[in-house]
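The values are calculated or read from the model by the stated rules, or taken from the named source; none is laboratory data. In this text, all values refer to a predicted model and were calculated from it rather than measured experimentally. Cβ: placed from backbone, ideal geometry, glycine included. Neighbour counts: every protein chain shown.
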Amino acid sequence: MHLDFDAGKYAVYMWPAFGISVLAFAWMIGDSLARARHWKRELERLQAEVKAGAGEPKA
Amino acid sequence: MDARHPLDFLTNPERFMAFSRWAAPMFGAIAGVLGLVGLYLTFAAPEDYQQHDTVRMMFIHVPAAVMSMLIYLFLGIASLLALIFRHALADAAAQACAPLGAVFTALALVTGSLWGKPMWGTWWQWDARMTSVLVLFLFYLGYLALRSALEDEQKAARAAAILALVGLINLPVVKFSVEWWNTLHQGSSTLFAAPENRLPAVYLWPWALMTLAYLSAFGSLWLVRIRALVRRRKARALALRLAER
């Protein structure tokens, strides 16, 4: 099947719409993964801290 | 007695984490495949005799508009469950879908405006459909602002949930605005439209695939964000425990 990427005089409207959609998805994916990674690391760090401190006598 | 509810895997945080661990990447992969095929069909579809090449904008604008309403419905349901049952996962589900819903609504508004200029001769018109979608966007922003404005997380969650429920009133207005009023925005031409208004298969397929791709992408990102919120809640509880020592 022939792919038509030539939008002619409508390119000035069409490509920004596709570009903005790509950017929006890139932000949603990047932000969601960054948050997931941050809280995974933070939780692992705190769990290790709790575990390390479990054997220590209370002050 | 073990009277386990069928949706227990979604209400129990441990089971939810086990379920979402494989479900999030699975939905992401489905979205990728559907998106690629949908984009291929988008640019393989012939020009429309009236809309010419701008018809391709339908395959990114309409799915974004569908998602803006669907996500708000999820936000409303999750907020209702969080308010009634004070369920932490329901609250996380509501909190996680709000920024995604706001982005899809912004996309619907911007791509609609870029489509409107060459077809209607205007970037914007205060007609019922466009105005009600703008109101939907403002409800999303209001929800996000309330959640971040109040320091007490429980109070913020409660206030935002009430706002989300109030905003549900706007959903039927968005959906039926093109039927209730004489608007510049055209009526539905997809699956639930009258047969004489329905898109031909050559346009219906790319629309359907792109809509399913958007839906799967949202499903994947929603689960990823809920997982992050579940971990944040646990991390904060641990930090509190450490501080009390």
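Results, tabulated for the structure shown:
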| item | result |
| --- | --- |
| Some residue of segment B:176-193 being among the aromatic types (F, W, Y), within 20 Å of B:L75 (Cβ to Cβ) and surrounded by fewer than 16 Cβ atoms within 10 Å (Cβ to Cβ) | yes |
| Some residue of segment B:221-228 being away from chain A (no Cβ under 11 Å) and touching a residue at least 60 places away in the same chain (Cβ under 8 Å) | no |
| Scope segment B:162-179; condition of a type in the set (A, V, I, L, M, F, W, C), in contact with a helix residue (DSSP H, G or I) (Cβ under 7 Å, 6 or more places away or on another chain) and part of a helix (DSSP H, G or I); matching residues | B:L163, B:A164, B:L165, B:L171, B:V173, B:V174, B:V178 |
| Segment B:52-90, subset among the polar types (S, T, N, Q) and at pLDDT 95 or above, residue nearest to the chain's Cα centre (by Cα) | B:S68 |
| Contacts under 9 angstrom Cβ, first residue in segment B:154-176 being hydrophobic (A, V, I, L, M, F, W, C), partner buried (at least 16 other Cβ atoms within 10 Å of the Cβ) and outside any helix (DSSP H, G or I), 6 or more apart | none |
| Residue, farthest from the chain's Cα centre (by Cα), within segment A:16-35, restricted to residues that are over 18 Å from B:A106 (Cβ atoms) and surrounded by 13 or more Cβ atoms within 10 Å (Cβ to Cβ) | A:R35 |
| In segment A:1-24, the residues that are facing chain B (nearest Cβ under 7 Å) and either in contact with a strand residue (DSSP E or B) (Cβ under 9 Å, 6 or more places away or on another chain) or in a helix (DSSP H, G or I) (or both) | A:A7, A:G8, A:Y10, A:Y13, A:M14, A:P16, A:A17, A:F18, A:I20, A:S21, A:A24 |
| Index of the failed condition, B:D91 passing every other in (1) over 16 Å from A:Y10 (Cα atoms); (2) among the charged types (D, E, K, R); (3) surrounded by fewer than 23 Cβ atoms within 10 Å (Cβ to Cβ) | (3) |
